[in-house]
Amino acid sequence: MQEIYNLIPFVLISAGILVSLIFEMYAKNSKRIIAWFSVFIFLAAGFHSLVNVDNAQLFFNSMLQVGGNINIFIFLFNFAAALVVLMAMDYSSKYGNNFGEFYILLQSSVLGMMLMAGAKDLFVIFLGLEIMSVSFYALAGLNRMRLKANEASLKYFLLGSFATGFIVYGIALIFGSTNTTSIPQIVDKFGELTHNLLFMAGILMFLIGFSFKMAAFPFHMWVPDVYEGSATTVAGFFSTAGKTAAFSAVIITLGSVFMHGNANIFEPYLVVLAVTSMLYGSIVAIAQNNIKRMLAYSSIAHAGYLMIGLASGNYEGIAGIIFYLAAYTFMNLGAFGVVALIEGKDETNLTFESYTGLSKKQPFLAAMLAICMFSLAGIPPFAGFFGKYYIFIAAIKSDLTWLAIVGVISSVISIYFYLRVVVIMYFNETEIDLTVQKSNYGLLAVVISVILVIIIGIAPGSLIDLISSFLK
Amino acid sequence: MIELIYLTVLLPLLGFIINGVFGSKIKNEKVIGIIGSSTIGLSFIITVLAFFETLSLPTENREHIIELFTWLKVGGLDIHIAYQVDQLSLVMALVVTGVGFIIHVYSMGYMHGDKSYWRYFAYLNLFIFAMMNLILADNFVLLFLGWEGVGLCSYLLIGFWYEKKFEKSTTSEAGKKAFIVNRIGDFGFLLGIFLIYLTFGSLNFGEVFARAGAPGIPESTFNYIALFLFIGAVGKSAQLPLYTWLPDAMAGPTPVSALIHAATMVTAGVYMVARCSIIFVSAPAILTVVAVIGAATALFAATIALVQNDIKKVLAYSTISQLGYMFLALGVGAFSAGIFHLMTHAFFKALLFLGAGSIIHAMHGEQNIQNYGGLKKYLPTTFATFLIASLAISGIPLLSGFFSKDEILWFSFANGNVLYWGIGAFTALLTAFYMFRLVYLTFMGKERIAKDKHPHESPKVMTIPLIILGVLSAIGGFIGIPALFSGESGNKFEHWLEPIFKNAGNKLAIYQTHSHSTEIILMIISVVLAITGIMVARNIYLKNPSFADKMKNRFNGVYKILWNKYFVDEFYDRLIVRPIYRFSESVLWKITDAKIIDGVVDGTASLVNSISEKIRKFENGVAQFYALIMTVGVAIALFWIIFSL
Amino acid sequence: MEIPIEYYLLLSAFMFIVGVVGVLTRRNAIIVFMSIELMLNSANLTMVAYSSFLGNSVGQLFVFFVMTVAAAEAAIGLAIIIAMFRNKKTLNIDEINILKW
């Protein structure tokens, strides 16, 4: 009985997809019901995993695991998805495409993410990754009448499956040199195979495939275009849950390699990616005029900070990544949520000019966005500051002080474009009118995200304690 | 209720959030006032219940730590948001929530009709929140957070009427002065905290004090730590030489002066030194410094108070002087006497300020005591309570001030020397004199009120708090009756605090035994001095008003010095403030900032901007180019792995 | 005569590179997609070769997974391409670049 009990999030989402599909087919006017149903199953699955965070268990011949940090990931995916549903309910009607499919695709992508986070076998990682990616390709192009959305989904699809090719080839090479696809067995054999070229090349290609999903330089090229072209709520979901899922997969593979006392062979690779992503993201974001594109480049920079945690290759680094991902999920969703609320019909109100004097026109939204921007910039006492803090500390502990310094420099650069939004909102005046469509649910989602950002910022110690307790 | 002690911190925060966020929307003053006061009232009730629960426990079980959550955890540094409930923090919490509640209620009347009513209550609640953090903290970081928080609230409330003129400048200037002078002390405090972490490897009170009690750490280290901590206390508690901000802090609303600048915040330094008693007794040299500074401040501030004419100024200098007494007590190792005086002082000084507020309210903002006179018949309740407080602060037997002040004087003689006692006793004489100068000039004698003023007694919401504080000022001392009178059971208050200061007391161990007869003789002397002071004031200001002017002319030089507060402000202005201004304007601003820093910053920013404009072109929109970049990345990575194997 | 495993690996690596080059050089979105399929199939070939060489059927099982996923990807990919073609009347990747910088 216990066995099924711990598997409830997976069962719930899978059954939810089937129920929603059938319902969508036969019921008229089913969107609202499916939307609320998705919120319900996401919240149920999310809180179930949070409550049972201590129950670690293996399923399906040790192919899938739940408990511990995996449950924290599952919670993040589900909670982020629930917030995105809330944001999307009124947002999609702006484009007249409030399809029931949107919620079904969201559910299936969450299922894929959960499989990735809980995988104990390369099979499951691959399966989860593909479930997630295929849903994402479709989500990106959901505004199918709009050219930008078409282009975004086409680019995402072509480049995404190109990256999948590398992952599959990498898995093939790993399988060939270890004769297994089970992650614990691969980890056991890792020590003796560090000089096997095919094995190392396989792991590298596997890593590259995930670097693509994480949006790390030079595999980031799709990110700005896809975020700009797809719906704002969907872009918010890609940048938070999608990134978190990619990192969770790398943590369960690469992370478990480090934790068995193996030297961090991929450190140079990770360091180069971290430095280039941080600097590239922060610098290019400065020149952007479209707020979604700015957030996309900021997402590249954040991938760089997260990679510092991987490069340090110690417990603190992994704990820091998980903490950072939690913080990043909420602050970025909050920011995208506000952007989605302010966005008008036909992709208007997305440039910085639309945000001038927002503090006068929409004081509450301006305050929410300002908090998210402060947090993204890493200004205490918000969650983002402690995320960076823990990751930099981890880098210093593994003698990568210079990397932490580069991280700090990049944060300083990034303050420029984050605070530019705040300056524009609070200190610039404009005559232009801004009509914002009211959306209570979207506002609720933003408020929840901001509250979580503040709470994580006030009590970072408790969260990091919880995460670290599962790593040891 | 001990487990719920965190509510006493969270409730004021809740009040702050409600009034701060929705205050401007709530049009009804009553609602705002009740929200603001009731949160503090509930905190007070919880504190009282926690107090009685603690009282019912055996002595060794009276310390509790209520942990809320882990705040920061990095390497060896492990900081929790945790509240320590023990004898000392309970006394402080009772004073802060109790007096705080009374002052909140009083403020509902005093601030009636103010356009920023909600802002006032939001700040006041925020202050209580910060102060409770300061008091209940179980580590130095949380203590420091509260310490800075109360400083912030003090700044906000001093400058509350920011468009109002104050003396030569504005109230916001006074707020800034308070903030900046406090920074000097805070800097010292921060250095002290760093040193503590370096020395003891922890910032948790329990661990630090346990390790400080153990042998092995050189005295010089203790000297530095204690000195830096004391610098922090000097700033916050307005002692020589950093006291200059407190008189200016009177620019704020009068209830604020009562709450922050008399009863609670300024005593934070005393509390901190008492909390770190074990560190201070390990540094005897610094302990002497504490005593000397305390005694000097007590005398110094009392002399200035003799000639001031602004009712709040007199009370401000009186506060500085009384804080000096507390430090004198701490300096001679009589920690519980210091805390006892802190408590009684909170009662009678809050009462004096609230009384002053009632007078100012009645006189439509007039603060010069030369323009008062004969107010007794207009303000009977205010007069009665003000008189009780004045008698208490002067040390008239059986009132609260008598017991606490006498205990300090006794310990400064018993543990210190005759000089400390002499200064203390003489200051007591001066205190009695200037307080009754105030009473006679304000309430008695000839009316010197301007024609357009129509004094009237304040509403009930203001007088009832006065009466409550009057009762406390009168009987509050009975919990600390010296062993001399209470016999076997000893001093109850001292007994209650004993476990906190036990280690410090053992380490000090310089108590000399004196006979009871000495104690009685000293007590009689101090009472006689107090009565002398009152009688002199009566003779001069009631019977023979022209005598004061005669004396003023005869000792013109001395009068000038006292009237101008020893020219300390001018001295600081010439020696420190102006040179810094000049330096920062000519060098820091015009050269360093405008040329070097701005040049570098602007240059870097435009450089980064132009780089950014160039690099963004890299993202050319063609999917195949993206794939090419990826492939190049893959190729480089594969070459790297091939060559590194 | 037993064919050594290296031959299979070289063949599949070659196929993989052909696929990559195809992605980088062909202009039509459908042909690019077909090149990606070629990459996946080269991985499949590697898997099957290893599976037979190591006597471990897991590899062949994995190939079925990849094929299924490739089918799903083809379905969604062709849908996206059709949607694109309806709006833009072209599938030339060079011309699909309104999103840039």
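Quick one: in segment C:36-48, of everything that is within 9 Å of the chain's Cα centre (by Cα) and facing chain A (nearest Cβ under 9 Å), which residue is nearest to C:Ile96 (Cα to Cα)?
Residue satisfying both the conditions and the ranking: C:Ile36.
Give segment C:78-101 a look and list any residue that's more than 13 Å from chain B (Cβ to nearest Cβ) and under 18 Å from A:Val226 (Cβ atoms), or say none.
C:Ala79, C:Ala83, C:Asn87, C:Lys88
Applying the selection to segment C:1-20, what residues are more than 9 Å from chain A (Cβ to nearest Cβ), under 24 Å from A:Phe126 (Cα atoms) and either in a loop (DSSP other than H, G, I, E, B) or under 12 Å from the mean Cα position of the chain (by Cα) (or both)?
C:Met15, C:Ile17, C:Val18
Is there any pair linking a residue in segment B:605-621 that is within 11 Å of chain C (Cβ to nearest Cβ) and among the hydrophobic types (A, V, I, L, M, F, W, C) to one that is surrounded by 13 or more Cβ atoms within 10 Å (Cβ to Cβ) and assigned to a helix (DSSP H, G or I), with Cβ under 6 Å and at least six apart or on different chains, and which?
As it stands, the answer is B:Ile615/A:Val284, since those pairs meet every condition given.
Of (1) within 30 Å of B:Gly480 (Cα to Cα); (2) outside any helix (DSSP H, G or I), B:Leu90 satisfies all except one. Which?
Single failed check for B:Leu90: (2).
Give segment A:199-234 a look and list any residue that's facing chain B (nearest Cβ under 10 Å) and in a loop (DSSP other than H, G, I, E, B), or say none.
A:Ala216, A:Phe217, A:Pro218, A:Phe219, A:His220, A:Met221
Among (1) in a helix (DSSP H, G or I); (2) more than 14 Å from chain A (Cβ to nearest Cβ), where does B:Lys115 come up short?
Condition (1) is where B:Lys115 drops out.
Taking B:Leu529, is it away from chain C (no Cβ under 14 Å), among the hydrophobic types (A, V, I, L, M, F, W, C) and surrounded by 14 or more Cβ atoms within 10 Å (Cβ to Cβ)? Walk me through it before giving the result.
Values: away from chain C (no Cβ under 14 Å): yes; among the hydrophobic types (A, V, I, L, M, F, W, C): yes; surrounded by 14 or more Cβ atoms within 10 Å (Cβ to Cβ): yes.
The answer is yes for B:Leu529.
The conditions are (1) more than 14 Å from chain A (Cβ to nearest Cβ); (2) modelled with pLDDT under 85, and B:Ser24 fails exactly one of them. Which is it?
Looking at each condition in turn, B:Ser24 falls short on (1).
Based on this model, can you work out whether A:Val446 counts as out of contact with any strand residue (DSSP E or B) (no Cβ under 7 Å at 6 or more places or on another chain), outside any loop (DSSP other than H, G, I, E, B) and at pLDDT 90 or above?
In short, yes.
For segment B:400-449, how many residues are assigned to a loop (DSSP other than H, G, I, E, B) and crowded, with 24+ Cβ neighbours inside 10 Å?
The qualifying residues number 0.
Inspect segment B:348-364 for any residue being surrounded by fewer than 24 Cβ atoms within 10 Å (Cβ to Cβ), in a helix (DSSP H, G or I) and of a type in the set (A, V, I, L, M, F, W, C) and give the result as yes or no.
Checked segment B:348-364: at least one residue is surrounded by fewer than 24 Cβ atoms within 10 Å (Cβ to Cβ), in a helix (DSSP H, G or I) and of a type in the set (A, V, I, L, M, F, W, C).
Residues being within 9 Å of chain A (Cβ to nearest Cβ), part of a helix (DSSP H, G or I) and surrounded by fewer than 21 Cβ atoms within 10 Å (Cβ to Cβ): count how many of those fall in segment C:49-62.
Qualifying residue count for the region: 4.
Go through the residues of segment A:330-352 one by one and say whether even a single one is within 14 Å of chain B (Cβ to nearest Cβ) and under 18 Å from A:Phe374 (Cα atoms).
Restricting attention to segment A:330-352, the residues satisfying the condition of being within 14 Å of chain B (Cβ to nearest Cβ) are none.
No, that holds for no residue.
Please give the helices (runs of 4 or more DSSP H) falling wholly within segment B:251-345 in which 2 or more residues are in contact with a helix residue (DSSP H, G or I) (Cβ under 9 Å, 6 or more places away or on another chain) and more than 26 Å from B:Asp138 (Cα to Cα). Before you say what the answer is, go through the steps one by one.
Values: elements: B:254-258, B:268-275, B:277-281, B:284-305, B:311-331.
Ranges flagged: B:254-258, B:284-305, B:311-331.
Scan (1) over 30 Å from the mean Cα position of the chain (by Cα); (2) under 30 Å from B:Lys376 (Cβ atoms); (3) small (Gly, Ala, Ser); (4) at pLDDT 80 or above for the single condition B:Ser584 breaks and write down its number.
(2)
Is segment A:178-196 home to any residue that is within 7 Å of chain C (Cβ to nearest Cβ) and at negative phi?
Yes, segment A:178-196 contains a residue that is within 7 Å of chain C (Cβ to nearest Cβ) and at negative phi.
Any chance you could count how many residues in segment A:124-147 are at pLDDT below 90 and either closer than 16 Å to C:Leu40 by Cα or charged (D, E, K, R) (or both)?
Step one: of segment A:124-147, the residues at pLDDT below 90 are A:141-147.
Those left that are additionally either closer than 16 Å to C:Leu40 by Cα or charged (D, E, K, R) (or both): A:144, A:146.
Number satisfying all stated conditions: 2.
Filter segment A:315-353 down to the residues that are polar (S, T, N, Q) and at pLDDT 85 or above, then identify the one that is farthest from A:Leu86 (Cα to Cα).
Quick first cut of segment A:315-353, residues polar (S, T, N, Q) only: A:329, A:332, A:348-349, A:351.
Imposing the further condition that a residue be at pLDDT 85 or above reduces the set to A:329, A:332, A:351.
On the way: A:Thr329: 15, A:Asn332: 15, A:Thr351: 24 Å.
If we take residues in segment A:315-353 being polar (S, T, N, Q) and at pLDDT 85 or above, then A:Thr351 is farthest from A:Leu86 (Cα to Cα).
Go through segment A:178-223 and give me each residue that's closer than 16 Å to A:Thr276 by Cα and among the hydroxyl-bearing types (Ser, Thr, Tyr).
Across segment A:178-223, the qualifying residue is only A:Ser211.
Scan segment A:234-276 for residues that are over 19 Å from the mean Cα position of the chain (by Cα) and not aliphatic (A, V, I, L, M) and report the count. Before you say what the answer is, go through the steps one by one.
Initially, segment A:234-276 is screened for residues over 19 Å from the mean Cα position of the chain (by Cα), giving A:256-269, A:271-272, A:275-276.
Then keep just the ones that are not aliphatic (A, V, I, L, M); that gives A:256, A:258, A:260-262, A:264, A:266-269, A:276.
Residues that pass the stated criteria total 11.
Of all residues in segment A:135-171 being farther than 28 Å from A:Asp346 by Cβ and aliphatic (A, V, I, L, M), which is farthest from the other protein chains (Cβ to nearest Cβ)? Let's see the steps before the verdict.
Within segment A:135-171, the subset farther than 28 Å from A:Asp346 by Cβ is A:161-171.
Among the residues that remain, those that are also aliphatic (A, V, I, L, M) are: A:163, A:167-168, A:171.
Numbers: A:Ala163: 7, A:Ile167: 9, A:Val168: 4, A:Ile171: 7 Å.
Selected residue: A:Ile167.
Right, A:Ala383: buried (at least 23 other Cβ atoms within 10 Å of the Cβ) and more than 25 Å from A:Ala296 (Cβ to Cβ) or not?
So A:Ala383 does not fit the description; no.
What residue, among those in segment C:5-32 that are among the polar types (S, T, N, Q) and loosely packed, with under 14 Cβ neighbours inside 10 Å, is nearest to C:Ile93 (Cα to Cα)?
C:Asn28
Anything in segment A:395-411 that is free of Cβ contacts under 8 Å to residues at least 60 places away in the same chain and outside any helix (DSSP H, G or I)? List them, or say none.
A:Asp399
How many residues does segment C:63-74 hold that are closer than 23 Å to A:Leu154 by Cβ, among the hydrophobic types (A, V, I, L, M, F, W, C) and at the interface with chain A (Cβ under 8 Å from one of its Cβ atoms)?
Result for segment C:63-74: 3.
The values are calculated or read from the model by the stated rules, or taken from the named source; none is laboratory data. Model, not experiment: these values are computed from the prediction. A quick note on method: Cβ atoms are made from the backbone with ideal geometry, for glycine too, and the neighbour counts reach across all protein chains shown.
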